[in-house]
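Notes to accompany the following structure.
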Amino acid sequence: MDALPVLLLVAGSAAVAGAARRTPIPAPLLIVTVGLAVAYLPGVPDYGLDPEIVLPLLLPPLLYTAAADSSYLGLRAHARAIGLLSVGYVLFATLAVGYVIYLLVPELPLTASLVLGAVIAPPDAVAATAVARRVGLPARITTILQGESLVNDATAITAYKVAVAAAVGEGASWGKGIGEFLLASFGGIAVGLVLMVPLHWLRTHLTEALLQNSLSLLTPFFAYAVAEKFGGSGVLAVVVVALYLAHRSWQVDFATRLQEDAVWRMVAFILESAVFALIGLQLPVVLDDLGRYDSPIVIWYALALFLAVVAARFVWVYPATYLPRFLSARVRRREPEPTWKGPFVIAWAGMRGVVSLAIAFSIPVSVHDGSDFPARSLILFLTFTTVIGTLVVQGVSLPPIIRLLRLPQPDARRDTLVEAQAQSEASTAAEERLEELLTEETNTLPGPLLDRLRTVLERRRNAPWERLGAVNDETGESADDTYRRLSREMIGAERAVFVELRDRRRIDDEMLRTLLHRLDLEEAAAYREESGD
């Protein structure tokens, strides 16, 4: 594929994603729908999904951004629920869904059915994160879904490898399968543990933000490649490294954090958009080899598989939620009694995505004796319809279901109170440190500069409280909102003067960039406070 189709894919998917932000339709769903429509337009090139590109090149950065946006402490607090879903559910779905398909499709042997089960077992990290962000799920559910989606790909890929080995005639025993699973799991975690400390040390000792962020962009690919080289799970290696680096990001200088945040937001936006577009564009590819199958029967297979996937998740999620409480008094003491609503949302939020399609396209064409892999084209089609079905049916219905269930929404006032308390404690510590430093003669400051330090500190202390304060009857703004608006207006006036001075040749472009950069940092700080991004 030459450069133009790739550019069109990226530009088109980004444009649709941008348009989706102005509609109530979730971006993943709109992008997939447009991809399906565009797939058969005249002149559209063949966007075949190459697993050699998706798994080592697209999956690592997507996992890295999802893990970096997660909370290590939150994931650890919900480790049992995440483990039951990311490992237990994936293995259960592989066996249960695989066996249902084996009973429904006469021409599929059990080994090939288990291959299909492993392919469609893992919910997608990108879809889960996108939906969680859009619909505003409670923090606990969001953490569990994100944690599951970070780890389940490793389980599914390992189960797939074992099932494929059996299907092509290499032979696979329970012992071998368990051994491969343990090697992939512990090997991937071990590689992540080995790499995370030196990578963090390197991040903190590089002196330039550009070098630090170049390292940040290379990190997920490096961790994934090293783990796969030694037989471990690249997925787990990336997740371990990302969680560690994000947990200690406060040790990196501010310029690196600002730049890294902007770079990874852009990378995640482009990759997520392109990935969902690729899903829709696979329709001609998966239909190419289905000519020998009757349409009614394959539609029945697709519907039955979709229902089996949805049902299997409900069958697993509810016992996994309530059985630990029934069996353990410690769990009953430590955790509040769950309602039926939370498990229902977790069960319904199991959208599949590009990883399932990428794994399906990596199924070998033939087995060891030279014959064709059993019903490979049918497996590709059923994977595609399951991915589309979950994205469309569950993606469309999840927001209204959440509204109907009236799940508790994040309490903005409580969050602001917690922020205000934390800021008050930090400001007190800063004030004490300032007074301590001022006792030294080397830290003597003129009065105006000292007043400025104290004013900025007081501003940070009061900002959260002001967001809880009275609202202006005329503008609908709090005092803090008005302060930020006026601050931006003042910065805009300064910016206009700097540009005018450059145009009149009183300052050069290099000085203009320096001056504008300072204003941009101040405006960015005000924007981040207001938006909460």
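The values are calculated or read from the model by the stated rules, or taken from the named source; none is laboratory data. The model shown is predicted, which means the values in this text are computed figures rather than measured ones. Here the Cβ is made from the backbone with ideal geometry for all residues, glycine too, and neighbour counts use every protein chain on show. Quick note on the areas: whole protein, heavy atoms, side chains included, nothing else; ligands and nucleic acids left out. Shrake-Rupley method; radii C 1.70, N 1.55, O 1.52, S 1.80 Å.
Based on what the data block shows, is LEU36 in a helix (DSSP H, G or I) and either open to solvent by less than 30 Å² (accessible area, probe 1.4 Å) or at pLDDT 85 or above (or both)? Considered against the rule, which asks whether it is in a helix (DSSP H, G or I) and either open to solvent by less than 30 Å² (accessible area, probe 1.4 Å) or at pLDDT 85 or above (or both), LEU36 comes out as yes. Of all positions in region 313-328, none carries a residue that is outside any helix (DSSP H, G or I) and touching a residue at least 12 places away in the same chain (Cβ under 8 Å). Name the residues in region 1-33 that are assigned to a loop (DSSP other than H, G, I, E, B) and either farther than 20 Å from VAL354 by Cβ or within 21 Å of the chain's Cα centre (by Cα) (or both), would you? Correct list: ASP2, ARG21, ARG22, THR23, PRO24, ILE25, PRO26. Within region 390-407, the set of residues being farther than 18 Å from TRP340 by Cα and at pLDDT below 85 comprises GLY395, VAL396. When THR94 is tested against (1) closer than 22 Å to GLY234 by Cα; (2) crowded, with 19+ Cβ neighbours inside 10 Å; (3) within 21 Å of the chain's Cα centre (by Cα); (4) not basic (Lys, Arg), only condition (3) is not met. Check whether at least one residue in region 378-400 is open to solvent by less than 20 Å² (accessible area, probe 1.4 Å), out of contact with any strand residue (DSSP E or B) (no Cβ under 6 Å at 6 or more places or on another chain) and not in a helix (DSSP H, G or I), and report yes or no. No.
Quick grid of which residues meet (1) surrounded by 21 or more Cβ atoms within 10 Å (Cβ to Cβ); (2) more than 16 Å from the chain's Cα centre (by Cα); (3) assigned to a helix (DSSP H, G or I):
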| residue | (1), (2), (3) |
| --- | --- |
| VAL239 | yes, no, yes |
| TYR293 | no, yes, no |
| LEU303 | no, yes, yes |
| ALA311 | no, yes, yes |
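Pairing residues of region 415-426 that are over 11 Å from ARG460 (Cα atoms) with residues that are open to solvent by less than 80 Å² (accessible area, probe 1.4 Å) and among the basic types (Lys, Arg), at Cβ distances under 8 Å and at least 6 apart in sequence or on separate chains, gives THR416/ARG467.
For the subset of region 346-373 comprising residues that are modelled with pLDDT of 90 or more and open to solvent by 10 Å² or more (accessible area, probe 1.4 Å), which member is nearest to the chain's Cα centre (by Cα)? Out of the qualifying residues, it is ILE346. In region 250-261, the residues that are open to solvent by less than 60 Å² (accessible area, probe 1.4 Å) reach residues that are in a loop (DSSP other than H, G, I, E, B) and not basic (Lys, Arg) with C-beta atoms within less than 9 angstrom, at least six apart or across chains, in these pairs: ALA255/GLU208; THR256/LEU206; THR256/GLU208; GLU260/VAL252; ASP261/ASP533. Scan region 39-88 for residues that are in contact with a Ser or Thr (Cβ under 6 Å, 6 or more places away or on another chain), open to solvent by 40 Å² or more (accessible area, probe 1.4 Å) and either without any contact (Cβ under 8 Å) to a residue 24 or more places away in the chain or not in a loop (DSSP other than H, G, I, E, B) (or both) and jot them down. Selection gives VAL87 alone. Within region 263-274, residues that are on the phi < 0 side of the Ramachandran plot and of a type in the set (Val, Ile, Thr) reach partners that are assigned to a helix (DSSP H, G or I) and surrounded by fewer than 20 Cβ atoms within 10 Å (Cβ to Cβ) with beta carbons closer than 9 Å, at six or more positions or on different chains, in the pairs VAL263/LEU217; VAL267/LEU217; ILE270/VAL10; ILE270/ALA14.
Looking at region 187-212 only, could you name the residues that are assigned to a loop (DSSP other than H, G, I, E, B) and open to solvent by less than 80 Å² (accessible area, probe 1.4 Å)? Working first, answer last.
Within region 187-212, the first condition is being assigned to a loop (DSSP other than H, G, I, E, B), and the residues that meet it are 206-208.
Matches in region 187-212: LEU206 only.
Condition check ((1) at pLDDT 80 or above; (2) part of a helix (DSSP H, G or I); (3) of a type outside the set (S, T, N, Q)) across all residues:
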| site | (1), (2), (3) |
| --- | --- |
| PRO410 | no, no, yes |
| THR428 | yes, yes, no |
| ARG433 | yes, yes, yes |
| PRO464 | no, yes, yes |
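Restricting ASP294, ASP289 to those that are more than 28 Å from ARG140 (Cα to Cα), among the acidic types (Asp, Glu) and either in contact with a Pro (Cβ under 6 Å, 6 or more places away or on another chain) or free of Cβ contacts under 8 Å to residues at least 60 places away in the same chain (or both) reduces the list to ASP294.
Taking region 213-230 on its own, how many of its residues are farther than 25 Å from LEU183 by Cα, open to solvent by less than 50 Å² (accessible area, probe 1.4 Å) and in contact (Cβ under 8 Å) with a residue 40 or more places away in the chain?
Number of matching residues: 2.
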